[in-house]
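Enquirer: Okay, handing you the structure first.
The values are calculated or read from the model by the stated rules, or taken from the named source; none is laboratory data. Everything numeric here is computed off the predicted structure, so don't read it as measured data. Here the Cβ is made from the backbone with ideal geometry for all residues, glycine too, and neighbour counts use every protein chain on show. Please note that ligands, DNA and RNA were not included when accessible areas were found on the heavy atoms of the full protein model with its side chains. Shrake-Rupley method; radii C 1.70, N 1.55, O 1.52, S 1.80 Å.
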Amino acid sequence: MNFKKILIAVDNSTCSEKAAKTGYEMAAKFDAEIALLNIIEPAPTTVNPDFTLAPVFMEMYDNSEENSHMLLKEMEGKYGHGIATTYLTVLDTASHGILQQAEEWGAELIVIGTHGRTGLYHFLMGSVAEHVARKSACPVLIVPNKSEI
């Protein structure tokens, strides 16, 4: 396999940092380009009595978009080493956003970290990585949280 477009899904966690490191290492080996993706999950909407969105929500989204860009820039700075990188930030649920962006960008591989949760938490919350792996049209590399940076 020769991957030329690798999408790396990141958030502000150590497991996604490990995924970014792994994804960039693969990109260097395959001479691939990277898309760093950060999903901003929608907050519960606060509605005013006149049925308009509360300004707090819009302000919070603007702030999240700014934080997302800083996170992506930081990941590229740590691991990019000159590899062509596209930043993607979307407001969506994690698994749906990853799958949709991978398809739109034309990813040939998705790299995602996993928190490695088990038991009741996993049963109740599910796993984004697991869902993406089951539904993705391209291969998915799941980087466990137990690996070292």
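Enquirer: Within the range 13-39, whose backbone N sits under 20 Å from a point 7 Å along Cα→Cβ of N2?
Expert: Correct set: 24-35.
Enquirer: Nearest 0.05, what FRET efficiency do N67 and F30 give at R0 = 22 Å with Cβ-Cβ as r? Before the final figure, lay out the partial values.
Expert: Numbers: r = 30 Å, r/R0 = 1.37.
With a Förster radius of 22 Å, E is 0.15.
Enquirer: Which order do L72, L88, L141 take by accessible area at a 1.4 Å probe, largest first? Spell out each step's value before the answer.
Expert: Working: L72 0, L88 25, L141 60 Å².
So the residues, ranked largest to smallest area, are L141, L88, L72.
Enquirer: What number comes out for the charge environment of A20, summing +1 per Lys or Arg and -1 per Asp or Glu over other residues with Cβ under 13 Å away?
Expert: Around A20, the charge tally is -1.
Enquirer: How much length is gained if the chain between D92 and K135 is pulled fully straight, taking 0.36 nm per residue apart and subtracting their Cα-Cα distance, in nm to one decimal?
Expert: 13.8 nm
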